[in-house]
Structures are given as C-alpha cells and as structure tokens.
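**Student:** Once you've had a glance at the structure underneath, I'll fire off some questions.
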Amino acid sequence: MSLPSDQHRKTSGTVSATIKSNNRISKIWLIPIVTLLLSAWFILQELNDKGLEIEIEFQTATGLEAGKTQIKIRDVVIGRVDSLELKDDSSGVLVTALLDKKAEKFLRTDTRFWVVSPRVSLEGISGLQTLLSGSYIDMAPGLDVQTSRHFTALNDPPVTPIGTPGLRVFLNSEKSFTAKVGDQVIYRGLAVGRIETVEYDLEKRLAKYSAFIEAPFDKLVTSNTRFWNTSGIELELGADGVGVSTPNLESLIAGGITFDEPEGMPPSHPFQKDKVFEIYPSYKSAMAHRYVEKVYYLILIESSVRGLKEGAPVEYRGLQIGQVEDINIKLDDHKLRVDEDSYKIPVLISIQPGRANLTDDAAGRELISKQFKLWVEKGLRASLKTGSLLTGAVFVDLKHDDKADAYKTVLLAGYPVIPTVPDEIVQFTDQLSTTLDKINELPLQGVADDLRVLLQDLSSSASAFNQASASISDKLDEFDMANMNQTLSSLNDVLEKFATDDNGVSSINQTMIEIQNAMRELTPLLQKMNTAPNSLIFKSQVAPDIEPRGARR
C-alpha cells in the first residue's frame, strides 16, 4: 500500500518546506524607537531651557504675578516667577521661580530676595521705575559655601549689600527703642553706617540691634568706643542746671545713633566680634560710663531726698568724683522692727578712681578705699546740696568737718558707711527758726506804745505849726502896700532935705550908728531864726550857751 504512494510522490515533483528560527529585530520597530529618542531629546531640551527651579517664601504676594514677574540681579533679568501657591498653614506665599543656569553659582544659603516696588520714606523715594514696568524680585548673591534652593524673602530691601567692606557690631538698649532699621550710624556728624536689624528680647526686656559700619570707618570702633542716641532734642534738667543739645538736621529728622571714644580712656585693644555695646541715652551718660572701676559707699539721709536722682554727681570740693547709684536700696541687714528713731533713707554712691585723676584699675580702687577710710575717721561727712534752684536737683557733697566726733568705719549690707550732716535746707530752716524765736522775745508791745505816743506828739506839733502859718498868712494879707509906697515917698523927701542940710547929715550918721548898734543886738536873734526858725513857735530844746565867769579876785 505504501509503495505506490512513494512512487506517486516522486512522480509528482513536490518539495517539503524547511522551517528555521529568526532572532533579528524587525525594522518596523525603528519608528517608535526614533520617536522615543526624539521625545527624550525634546524633554531634555525643554528642561535645559526651563532653567533652575527654586522656592522663595513671601509674607504676601503683593506685586507678584506668575509668568510675568521678573527676577533681577543689578537690573539684569535672570529668571521669572513660575507659580504662586499659598502655604498649608496660610502663613505666607510660596513662590516657585525658574532661573537661568548661569545663576546657579549665586544660590547660596545667605542669598537674599526682596520685592522692589515704589517706596516713600524719610530717606527718600525709591522704585519709581516700577510704576511702568511693574514690581520685580531683586536678588543679592550670597557668599556662603553651602548652596540652597529654598529661601525666605526679606520684607524690606537690605540695608547693606552683601560683600560691602566694613564691620558689623551688635548693640543693646535697656531704656527704650532708640533706633529702627535703616537709621544712620553717625561719627562726628558724618553718616558711616546704618542699623540693619532690630529685635526685642521679651525675657530680658532688652532691645537688640545690629549695625554695619562701612570701611574705613570700621577701624574707629575699639574696646573703648561708646554709642549713644542722637535722635531728637536732648533737654536735661540736672544739678548743673538746664542743658539743651541738638544733633544735625538730618539726624533730627531721620534719627540715629552716634559713637566716639571718650578722652582720658586707657589704651584701646581689639575686641571680639561678638562683643555687645550699650546704647546710652545721651552724650553725658555715655561719657560718664567711660570709667570702669568704682568703690561703693552708703550714706543714710535723715532729711528729704526730693530732687536727688540716680546719676546725680558726688562732689568733693566742687569736683565730681562719683555719682549716685541707687536711692532707698533694700538692706538685708535691716529687719522689720519698731524703732523710735526716724527712718533713714539709704543712698548708694560710688567713687570712681578715674574721676579723681587716679588709674582706672584695681590699684586706683584700692587707693581710694584706703584714702576714704582715713578721711571718714578724721571727719569726712556727706550732705545734700542744691545744685540748681531752677530745677530743684540736688547732689551729694563730701566735705571735712573739723568739729566732727571721732568715727570708726562700719559696714552696712557690705558697704562702708559715710556719716552725714544736715543739708543746707535743714540748716537754713534751723537758722530761720532761731531768728524767729529771737524776734518773738523782743518787747515789741512797749516799743509800739512809745511809738504811738511819739506819733501823737508829732500830730499835735503839726497842728500848731499849721495854725501859726495861717496867722502869718493873715497878717501878710492885711499889710497895705499903698501905705508902704507913701511912706517910702515921704522918706525920700526927708532924705533929700537931709542931703542939703549938714545938721541933717550928722543926724543921719548918728541914726545909722544907732541902727548898726541895734543890728548888732539883733544878730544873735537873726542867727537863731536862721538855724532854728521853728524856735519862734516851738519851745526851744537847745540848752543856753554857757557864759564863762571871770576870775575871782
């Protein structure tokens, strides 16, 4: 059965197929591969063109717009804002920005960003160019080694650009806020820096500042430098009277602080960069704190301390050698008890060796302690004196009392005690009281009675004088001038007759002689009327002239 079949295959001429495996990739796959490569290239190109992506936190998005707001360095555009997003806790705005690849070297941890927009302040007007172009983000490259892609923007433009040569100092103020960000730092009237930051420590109740002083003025800041406030007009009412000081007009308007090195300070030396300087309220206060060493003493005031303030001078023979440190301090040695004596107000004072032309060091402090111990035992006493009647301020005066009793130095609350004497007011009050007592002891009642009698006598004499004057006036009114003229005419006729008659002349001469004799007799009366005219009316009080008696024979 099979043989015919084989013969049939041979005679028919058909060939069977051979099957082989083929592992080569079909060319059709080249199309998706090329498409994939092109897509990847386009993606990389897009990422490359897109630039660096960074995040910046802002408090608000005022002036910012996605896709439009530019990012600049020195007015050169280096990127744009890509998107704006509110933070999860709604405490700010998260801005995503795309920067050029070339800006990667500027992205350091201390790089700063801020929004530039129109601003009007005491320092002037800035950002006017943004009125037409719109607000933009300015960037200040950092200098830190570490890089970063996340930043927190500043609310205001930085006061000092990064990289500015100079010195950054730290300041404290316990009194109040004496400056704000951007205020000037002045050296002898010239602006040499600005306040950069202002913070407040709630626990220490302390205002903290950082200020940048530009080169080369940064070399003026030494260990002896003192800072003080110059904003506003300073009016001081103290023991020296009334003092007024004003800064320059720019500081008066914009405010600021100033610094200088007081005269008479020890040699300066470099200070640590983290040193904190104190901002004093005035120039006088800053100069007063240039002395470091102090020797403390306690005085007990029995009278009123009204007008005495902390910082009041302590003087010795008119020279200030210290100041009042505290008034009515708490003494641990005093316990609550009933005391017959009046309460004495403890006042803490300090003696500064530097003010006494001594070295401002431990040696000067030791010399002051020994000197005052000897003086106190020999009669050095303290008292309050009025420095100015206008302000009512008082100061502590130290003087030697030769009549003082011997005294041995005692300590109270750890401070040596300087005995006190009554102040000027108490002494004046005592003298006034003594004077009034003496006046009260005078017999004023008897003097008043005698004075009353004298006034009555004077009144009676004045009435008599007025009556006599009226009588004389009446007599003069009764005098007839016409009869007087007629008498004179008759007298003239008689004189003419006498002129022609020798006997008449002799008679006249005789008459003149008699008249002269009569005038001699009237001379004493006339002299008396000249010297004491009231003797005609009043009884003469003059004793009669004593006539010498002749010698006895």
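The values are calculated or read from the model by the stated rules, or taken from the named source; none is laboratory data. This one's a predicted model, so the numbers in the text were calculated from it and none came from an experiment. Cβ: placed from backbone, ideal geometry, glycine included. Neighbour counts: every protein chain shown. Heavy atoms of the whole protein, side chains included, go into the accessibility calculation; ligands, DNA and RNA do not. Shrake-Rupley method; radii C 1.70, N 1.55, O 1.52, S 1.80 Å.
**Student:** Using alpha carbons only, how many angstrom separate the centre of region 130-157 from the centre of region 267-329?
**Tutor:** Distance between centres, Cα-based: 47 Å.
**Student:** Ranked highest first by the average count of other Cβ atoms within 10 Å around their residues, in what order do 359-369, 182-192, 270-280 fall?
**Tutor:** Details: 359-369: 15.5, 182-192: 18.3, 270-280: 13.2.
Ranked by mean Cβ neighbours within 10 Å, highest first: 182-192, 359-369, 270-280.
**Student:** Run the dipole for region 53-202 about the Cα centre, Lys and Arg Cβ at +1, Asp and Glu Cβ at -1, nothing else charged, and hand back the magnitude in debye, nearest 20.
**Tutor:** Numbers: 17 positive and 21 negative charges, 128 e Å.
Using Cβ point charges on Lys, Arg, Asp and Glu, region 53-202 gives about 620 debye.
**Student:** Can you give the Rg to Rh ratio for region 91-228, taking only C-alpha atoms and Rh from Kirkwood?
**Tutor:** Numbers: Rg = 17.5 Å, Rh = 17.5 Å.
Taking Rg over the Kirkwood Rh, I get 1.00.
**Student:** Report the net charge of residues surrounding Y136, where surrounding means a beta-carbon distance below 13 angstrom and charges are Lys +1, Arg +1, Asp -1, Glu -1. All intermediate terms of the calculation are to be shown ahead of the outcome.
**Tutor:** Values: positive: K68, K72, R74, R80; negative: E65, D75, D138.
My count for the surroundings of Y136 gives +1.
**Student:** Moving to a separate point now. What does the charge add up to near P262, with Lys and Arg as +1, Asp and Glu as -1, over the other residues with Cβ less than 10 Å from its Cβ? Spell out each step's value before the answer.
**Tutor:** Working: positive: R226, R290; negative: D260, E261, E263.
Once positives and negatives cancel, what remains is -1.
**Student:** What is the packing order of peptides 379-388, 98-107, 85-94, 452-461, taking the mean over residues of other C-beta atoms within 10 Å and listing the highest first?
**Tutor:** 379-388, 98-107, 85-94, 452-461
**Student:** Net charge around L380, counting only other residues with Cβ within less than 14 Å of its Cβ (Lys, Arg = +1; Asp, Glu = -1)? Write out the running numbers ahead of the final one.
**Tutor:** Details: positive: R317, K370, K373, K378, R381, K399, K403, K408; negative: E315, E377, D397, D401, D402, D405.
Result for the local shell: +2.
**Student:** Can you put S223, S268 in order of accessible area, largest first, using a 1.4 Å probe? Show your work: numbers first, answer last.
**Tutor:** Values: S223 20, S268 55 Å².
Highest to lowest solvent-accessible surface, that is S268, S223.
**Student:** Go through H400, H269 and list them by solvent-accessible area, largest first, probe radius 1.4 Å. Could the numbers behind the result be given before it?
**Tutor:** On the way: H400 70, H269 110 Å².
The ranking, largest first, comes out as H269, H400.
**Student:** In what sequence, highest mean first, do 160-167, 463-470, 282-289, 392-399 appear when ranked by Cβ atoms within 10 angstrom?
**Tutor:** Numbers: 160-167: 13.2, 463-470: 10.6, 282-289: 17.0, 392-399: 20.2.
Output ranking for 160-167, 463-470, 282-289, 392-399: 392-399, 282-289, 160-167, 463-470.
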